[in-house]
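The values are calculated or read from the model by the stated rules, or taken from the named source; none is laboratory data. On a predicted model such as this, the values are computed, not experimentally measured, just so you know. With ideal geometry, Cβ positions are generated from the backbone for all residues, glycine too; neighbour counts draw on all protein chains shown.
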Amino acid sequence: MDSALLVLRLALAAVFAIAAIGKITDRPGSEKAFAEFGLPEITIRPMAYFLPVLELCIAIALVFVEVSWFAALAGSTLFLVFTLGMLYQMARGNAPDCHCFGQIHSQPVSILTVLRNVVLLAMALGLVVAGRANQGLNVAGSSQDFMQFLIGIVMVGLLAAVVHFLKKISEQQTQIMRRIELIELVGGDGGSVEREDIAHPHEGLPVGAIFPDFELPDLDGKLISLTDIKIQKKPLLFLFVSPTCNPCKALVPEFEKWEIELKGKVQFVYLSNGDAEENLAKFGGNSKKLILLQKSREVADSVNAQWTPTAILVDAGGRLASHATAGDSAIRSLIDQIKTSNLDKEFTHFTNGHNHANTNKVGSVVPDFSVEDIKGRTINSDYFLGRKTLVAFWSLTCPHCTAMMEELREWDMLKGKDDPALVVFSDGTKNELEEFALDSPIVVDTGHKTSAGFGMFGTPSAVLVNENGKIISETATGSRNIWSLVGNRNS
């Protein structure tokens, strides 16, 4: 029994230590997770520092029998708070990233994450119930043979955790590694590696968002707009590059090869910055390319393409058919998918799995349902026929919804006949929702039962439905991504 309690203490100590290290090495990710869980903004940064320190203290205290009971009590409290927070978010229809183990392992809140926490809570409560005087073997007083065996097991476990941690770091930082390799490849040709301390390289707009219009000069100074390029009615592959990006230059031979292989299927458009001369020297290569020059990064920022090189596929209708795909390996993978796919087929798109892949219902017919809105109007699957419709998912307890409400109300009042219709599914009561003062239908959707069929992913979020009642976008979360579905750039 004493040996079992010691193993239990060390197992929990390893869990808390790994969680603390994961959060310490990814503080921005922790802050983002706290924000998605609805913590007040003023507490987010302090919590991102305090929580891993607390977890590390618990991990250390669990090793020593004199204080392990207090550590188990603190750990039980943390597990209980985390579990209740997850259940609360799930009850509201949200699935924020739990980020419990930082970069080592992070996934959206689900029944699996809740079950994992319940198991850990039971382990910690086992130590609490055992009592202060019965915490198992004392590390300092245990037999040498047993301790050597136990330490061996712990070391193997920690080694496995370190290997997994390094693997996750490698996966999440492929852009950095790619740049190091390519800089070595070009043999110190000069230039700089830019914008390393920014968002995740694939943190772009959702599939189905409208690529924003622009008018930019080419290398000859001629102004070219997105409308001019779309005249050919072909899918567009936008490649965001920079004259200061050596990895971009190293890819020029492959750019030219891909243009030949995909001629007639996809039109390549290079978006860069700087002056024409340096871009021609960097990317001119052996073929004529459509290279457009931003003043700084205005188009890249509008689609959140923060890294170079990044590729985004846009369908012939001007909507994103892929996520922002950053780095040579990811771009090659996207090109391979394009080569083997029929881009003329309706709803063809490519996802890198980031963000909302689990709620991707692009091409699906809206669920079969029939409900009444707060004004007594019948809303069913036939309602979506004949006009595009923005379907928004809302919650009265969501601060981000509150912040966006005025924008939604203004758009509802001013949208034209060619703009999409609007339907809002929300929790709350009829009286509470009447205060929204929307002309468009608002449906009380307790438990988000109907919203789930549309691919709801937290609040506020939305999908776009076409005139045939088919979902033509991923679930967009947050104000910026929601407005990108309808081409509203004022937000």
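Points to keep in mind about this one:
- For the stretch 211-234, a residue qualifies if it is closer than 23 Å to residue 338 by Cβ and touching a helix residue (DSSP H, G or I) at 6+ places or on another chain (Cβ under 8 Å), and the qualifying residues are 211, 212, 214.
- Any hit, the stretch 429-451, residues being in contact with a His (Cβ under 8 Å, 6 or more places away or on another chain) and not polar (S, T, N, Q): no
- Of all residues assigned to the stretch 402-414, none qualifies as being assigned to a loop (DSSP other than H, G, I, E, B) and either at pLDDT below 90 or out of contact with any Pro (no Cβ under 8 Å at 6 or more places or on another chain) (or both).
- Every listed requirement among (1) part of a helix (DSSP H, G or I); (2) modelled with pLDDT under 90; (3) farther than 30 Å from residue 398 by Cα is met by residue 72 save one, (2).
- Those residues of the stretch 408-441 which are in contact with a helix residue (DSSP H, G or I) (Cβ under 9 Å, 6 or more places away or on another chain), in contact (Cβ under 8 Å) with a residue 60 or more places away in the chain and surrounded by fewer than 18 Cβ atoms within 10 Å (Cβ to Cβ), in sequence order: 419
- Qualifying positions in the stretch 252-266 - in a loop (DSSP other than H, G, I, E, B) and under 30 Å from the mean Cα position of the chain (by Cα): 262, 265, 266
- Summed over the stretch 454-473, residues that are closer than 14 Å to residue 389 by Cβ and either free of Cβ contacts under 8 Å to residues at least 12 places away in the same chain or part of a strand (DSSP E or B) (or both) total 7.
- Considering only residues in the stretch 292-334 that are within 22 Å of residue 280 (Cα to Cα) and among the charged types (D, E, K, R), the one that is surrounded by the most Cβ atoms within 10 Å (Cβ to Cβ) turns out to be 328.
- In the stretch 243-290, residue surrounded by the most Cβ atoms within 10 Å (Cβ to Cβ) [restricted to those that are closer than 25 Å to residue 339 by Cβ and among the basic types (Lys, Arg)]: 249
- Selection within the stretch 446-491 - surrounded by 24 or more Cβ atoms within 10 Å (Cβ to Cβ), more than 17 Å from the chain's Cα centre (by Cα) and under 18 Å from residue 373 (Cβ atoms): 451, 454, 465
- Residue 428 vs. criteria assigned to a helix (DSSP H, G or I) and either modelled with pLDDT of 90 or more or over 23 Å from residue 34 (Cα atoms) (or both): no
- The stretch 200-217 - residue that is at pLDDT below 95 and among the acidic types (Asp, Glu) and, of those, surrounded by the most Cβ atoms within 10 Å (Cβ to Cβ): 203
- Listed by first and then second residue, the pairs linking a residue in the stretch 109-137 that is over 14 Å from residue 86 (Cα atoms) to a residue that is outside any helix (DSSP H, G or I), with Cβ atoms under 6 Å apart and 6 or more places separating them unless they lie on different chains, are 135/65.
- Residue among 11, 48 that is at pLDDT 85 or above, under 28 Å from residue 126 (Cβ atoms) and in contact with a helix residue (DSSP H, G or I) (Cβ under 8 Å, 6 or more places away or on another chain): 11
- Selection within the stretch 211-251 - part of a loop (DSSP other than H, G, I, E, B) and not hydrophobic (A, V, I, L, M, F, W, C): 212, 213, 220, 221, 222, 232, 233, 234, 235, 242, 243, 244
- Among the residues of the stretch 40-53, those that are hydrophobic (A, V, I, L, M, F, W, C) and surrounded by 16 or more Cβ atoms within 10 Å (Cβ to Cβ) comprise 44, 47, 48, 51.
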